[in-house]
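Take a look at the structure below.
All of the numbers you see were taken from the coordinates with simple rules; none came from a lab. Since we're looking at a predicted model, the values are computed, not measured. Note that each Cβ is placed from the backbone with ideal geometry, even for glycine, and that neighbours are counted across all protein chains shown.
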Amino acid sequence: MQDIALLTNDDNDKDPNADTVSLMTIHSSKGLEFPIVFIVGLEENLFPSQLSLNSRSELEEERRLFYVAVTRAEKKLLLSYATSRYRWGTLNNCEPSRFLDELNPACLALDFKPRQTSASAGSFQGERIAWQQKDSDDTFSKPKPKPMVKTTSILPKAHKPTAGFAPSDTSNLQVGMEVEHERFGFGKVVNLEGNKGDIKATIFFKELGQKQLLLKFAKLRIIQ
């Protein structure tokens with residue numbers, strides 16, 4: 001990381017009034033504002049990061065970063081997530097970030113355009129886009145163009161854990177076993193990899209598709 005820099009001399013020398021697109025991390029955007037802002041990759045285990053789910057304080061830091069990103073927009077904000085993407089060579093179905101569901105639905109306009117699976121589609125098979133737009137009075141309102149699909153929630157219906165849910169000892173977990181995750185619901189183990197203490201399980205969940213979870217953090221209940 002010491003040898004990598006996102007900021008180059010071209011960024012320092014460019015005309016600040018020129019029409020350009022700036023690509024940056026959220027941390028780099030602090031203190032800056034732009035007429036239009038795109039925030040991409042709003043998916044669970046990506047933003048918020050899977051590592052941030054280990055503690056409440058880490059999750060709150062991710063939420064503060066999302067707030068920073070949202071407030072960089074002066075006029076229009078576009079939020080997007082992939083319904084599926086390749087990670088570590090495996091195609092995974094993606095769940096929208098919980099941060100999207102925390103936004104006021106009255107301030108959102110949703111548009112979903114599924115794409116046909118093809119080589120040209122790359123790692124994206126579909127994309128949902130949520131916009132927010134500011135009026136001159138500095139309040140948020142819906143944009144006025146073409147009609148869009150409206151909903152009161154972006155996230156799928158949350159799983160309700162089985163009464164008395166308690167994580168099982170997964171040290172002897174095997175491929176083919178059926179499990180329950182407190183948040184993702186019921187699924188089946190399709191692959192196990194890694195060394196003892198850092199075993200990664202690939203689980204196909206009925207409602208969300210395939211996900212990879214570290215067993216020491218996953219908190220699974222073994223059904224059979």
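Here are some notes:
- Ranked list, fewest to most other Cβ atoms within 10 Å of each Cβ, for Cys94, Cys107: Cys107, Cys94
- Ranked list, fewest to most other Cβ atoms within 10 Å of each Cβ, for Arg98, Arg183: Arg183, Arg98
- Mean projected area in nm² (Cα convex hull; one quarter of hull surface) for region 16-90: 6.3
- Inter-label distance, nm, simple model (7 Å from Cα along the C-beta direction), Arg183/Ser57: 1.9
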